[in-house]
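This report concerns only the one structure given below.
Computed from the coordinates by the stated procedures, all read-outs in this text should not be read as laboratory data. The shown structure was predicted, so the numbers you read here are calculated from the model rather than taken from an experiment. Virtual Cβ from ideal backbone geometry, glycine too; neighbours counted across all protein chains shown.
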Amino acid sequence: MSSEKTILKLNLPTDPLWVKNVVESNIEELLTDHAYCEQKAASNAITLIVQNPNISELVQEMAKLVQEEMDHFKRVHDIIIERGFVLGKERKDNYVNQLAKFMVPGGGRTHQMAERLLFSAMIEARSCERFKVLSENIDDAQLSEFYHELMISEATHYTMFLRLARKYATGIDVEKRWQEFLDYEGQVIKNYGTAETIHG
């Protein structure tokens with residue numbers, strides 16, 4: 001069993017050939033998509049603050065996360081500029097949109113908080129795994145080092161979202177719901193791995 005499957009509990013690992021056969025032929029597309037992923041992660045953290053202002057620990061963690069994600073956005077954008085590229089238009093992230101459909105609406109504020117925290121943890125887990133695959137397989141020293149660093153960061157985010165869900169989602173079977181997210185994601189990800197985007 002692979003180490004990332006053990007740690008992240010993902011059902012289906014990314015084929016390293018995704019990097020060689022898809023990503024390396026269009027680094028500009030990958031970087032543009034990555035930049036928007038960081039921006040969306042910051043926006044998601046802001047949403048969690050707006051929806052749960054009464055949970056001070058969550059607000060503090062999300063405020064730090066917004067800063068970190070926007071720092072990552074700037075660093076990706078710096079690389080885009082360094083390489084003579086320009087940030088393109090935002091790409092639709094079909095993978096994230098499919099995960100969002102799995103969130104169950106209603107049920108009160110605590111239920112909605114749990115759903116969004118687990119949804120967020122799921123995205124961070126897959127992003128962490130993708131960054132690991134990129135760092136280990138891309139034939140580009142700068143990006144290999146960059147994605148190794150971000151892999152560690154995403155793992156920290158993943159565990160933080162799960163910790164907050166387990167601590168504050170009282171009256172909800174977080175472990176059961178997390179397993180359902182993992183099972184669903186394992187089916188969704190089968191349709192990806194063919195595009196030069198972080199979740200593509």
Say we join alpha carbon atoms closer than 10 Å with springs in a Gaussian network model of the chain; which of 172, 55, 189 then has the biggest fluctuation? 55
Compute the separation of the alpha-carbon centres of the stretch 41-61 and the stretch 160-193 and state it in Å as a whole number. 18 Å
Reach of residue 92 by Cα under 17 Å, taken over lysines that are not fewer than 8 positions away in the same chain: 40, 101
Please compute the net charge surrounding residue 49, taking Lys and Arg as +1 and Asp and Glu as -1 over other residues with Cβ under 12 Å from its Cβ. 0
Could you give the dipole magnitude of the chain about its Cα centre, charging the beta-carbon of Lys and Arg +1 and that of Asp and Glu -1, in debye to the nearest 20? 820 debye
With springs only between Cα atoms under 10 Å apart, run a GNM on the chain and tell me which of 116, 91, 83 wobbles the most. 83
Contact order normalised by residue count of the stretch 13-191, Cα under 8 Å, 6+ apart, percent: 24 percent
Which of the residue pairs 20/167; 167/190; 74/176; 64/190; 74/167; 89/132 have a Cα-Cα distance greater than 30 Å in the structure shown? 20/167; 167/190; 74/176; 64/190; 74/167
Going toward the positive end of the dipole of the stretch 13-191, with +1 on Lys and Arg Cβ and -1 on Asp and Glu Cβ, which of 147, 37, 122 do you reach last? 122
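Note down the magnitude of the dipole of the stretch 32-105 about its Cα centre, charges +1 on Lys and Arg C-beta and -1 on Asp and Glu C-beta and zero elsewhere, to the nearest 20 debye.
Details: 9 positive and 11 negative charges, 65 e Å.
Result for the stretch 32-105 is approximately 320 debye, rounded to the nearest 20.
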